[in-house]
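Comments concern the structure below.
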């Protein structure tokens, strides 16, 4: 069940660790505590949005009436493969090397 | 006057009249950088060899009759813009060895227009900041007072123009990052309408808020640059096919009968009394010039910053989630504190159980802000507002309190949320510190903003007061 109210929020240590895992960030325990305090303070400020609780708004984002901007499905030249691979050592035979996903 | 102190307009005239060459002009800038940048730290990379080559090419093109609009004009670029073959760091250790693999569209257009790239400018890492103090390459200093910040995140951009190291600098504005440093450094800063200038090739911060703009000494210079960078780009699907007028055409038509709205919500007790007085002085100038001043209301203003810090950090977390440290750059563990903070805030706001309460609510709030502006622009042509709630603050003054730093953006974020353009112009000096004000208009009204800004500039000429470094 999605929460609709921004609860009086003070993040717990576990919540910060959970967020860090979701965000693929590694934090030291000192960092967890420091960020816990700072993020809780910022979330405290954001509680002001609870005053907007019952307002209706539509989510349409119609800045320029741009909808589904497409082009012809036609192969075009892209970046040179040499340039694309030029900034890493993690490569082999014109491919990026990544961690195995399947065993 | 030394060549590096010229405006773009005057430099183009001088080049046309063969008073000097682009090589002379570029060398003058490079010498100035050598002389003062160790005090200012505006540049991360100075591409002296490339700049000299480009300047010679520009001189050759001119000899062969080229009329390219920025031919031979030296400029510098916030290190968020990819420049092919030139180091591009985004102000972060993560990319400190990264060499750009292609040019941003804005860079391609400037190159075609004949501009000469001097180098890459220091900024808050990933554009996360309002002071330049979040750069991994040391803070940038305000040339008007070396103990104060120049504002951010396009800190190096503002400083390089203010200190006459460069005739123009490209920046980005996601929540005020062009307008705030422009205001703190006595230069003109343009945040164009969202989608007016292509974002292709610029490191994405918050993709629905990022605006690609520039900083110049004068309003006319700003219009000259926008003529080059603006326009539809197939590589950025959010650039609509809206015509690019000649932005210099109406610039001297004055402000007679232009209706200027002043938002009453911005002039509460939170605003520094000195700044309030300066704005009132500016309004008096406009009235004298024939404009009509009207008080207007933006009733949802007090929610803007909270809405911004949810939407912006949500998009930041999404964009930086794409950073894998495999194809280029260092590991994710090299992200600095501010990047980590914003990534975590955004991840939280988007996470299961909180998405409705935070992200969706902020999206709805954004629509309310938009209606505020739609209503107001039925009554007035432009809005005049402060840029910063305080004078340029001291280095270290806000670095221990992230929320305090975020509050610097309180007057600037709304333009990004609703997508409208904003022009920050020099508004004078308080205690010898520069302070600007901003002119906001409806989508694609940049011509009007330039016209309104130029009228004030003609009366006051604040840009002529150079810093003593």
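Values quoted throughout were computed directly from the atomic coordinates according to the rules given, and no laboratory measurement underlies them. From a predicted model like this one, the values you see are computed outputs, not experimental measurements. Counting neighbours? That spans all protein chains shown, and the Cβs are built from the backbone with ideal geometry, glycine included.
Would you list B:124, B:324, B:210 from fewest to most Cβ contacts within 10 Å? Intermediate values should be presented prior to the final figure.
On the way: B:124 31, B:324 14, B:210 26.
Arranged by neighbour count, lowest to highest, B:124, B:324, B:210 become B:324, B:210, B:124.
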What is the distance, in nm, between label points placed 7 Å from the Cα along the Cα-to-Cβ direction at residue A:21 and at residue B:302?
4.0
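What is segment B:235-306 by shape, rounded, prolate or oblate, if you read a ≥ b ≥ c off the alpha carbon gyration tensor as root eigenvalues and call it rounded for a/c under 1.5, prolate for a/b larger than b/c, and oblate otherwise? Before the final figure, lay out the partial values.
On the way: a/c = 2.52, a/b = 1.23, b/c = 2.06.
Oblate, since a/c reaches 1.5 and b/c is not below a/b.
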All-pairs Cα distance distribution in segment B:365-436, expressed in whole percent, bin size 10 Å
16, 40, 31, 13, 1
Burial ordering of A:82, B:364, B:458, fewest other beta-carbon atoms within 10 Å first:
A:82, B:458, B:364
How many angstrom separate the Cα center of segment B:429-459 from the Cα center of segment B:86-118?
29
Could you tell me the largest-minus-smallest coordinate of the C-alpha atoms of the protein assembly as shown on each of the three principal axes, in descending order and whole angstroms?
70, 65, 51
Tell me, B:456, B:266 in order of fewest to most beta-carbon neighbours within 10 Å?
B:266, B:456
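Taking 0.36 nm per residue of separation and subtracting the Cα-Cα distance, what length does fully extending residue A:48 through residue A:81 add?
6.9 nm
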Check: C-alpha center segment B:131-194 vs C-alpha center segment B:4-62, spacing in Å is 20
Determine, at each q value in 0.05, 0.06, 0.13 (inverse angstroms), the log₁₀ of I(q)/I(0) that the Debye formula gives when each Cα of chain B is one equal point scatterer.
-0.16, -0.22, -1.16
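222 nm [θ] for chain B, helices only, -39500 (n - 2.57) per DSSP H run of 4+, per residue, to 500? Spell out each step's value before the answer.
Details: 14 runs with 170 residues, N = 469.
Result for chain B, helices only: -11500 deg cm²/dmol.
Let me know the shape class of segment B:88-216, please: from the alpha-carbon gyration tensor, a ≥ b ≥ c as square roots of the eigenvalues, rounded when a/c is under 1.5, otherwise prolate if a/b is greater than b/c, or oblate.
Since a/c stays below 1.5, the shape of segment B:88-216 is classed as rounded.
How do B:289-302, B:365-378 rank on mean C-beta neighbours within 10 Å, highest first? Could the numbers behind the result be given before it?
Working: B:289-302: 15.9, B:365-378: 18.4.
Those peptides, ordered most packed to least, come out B:365-378, B:289-302.
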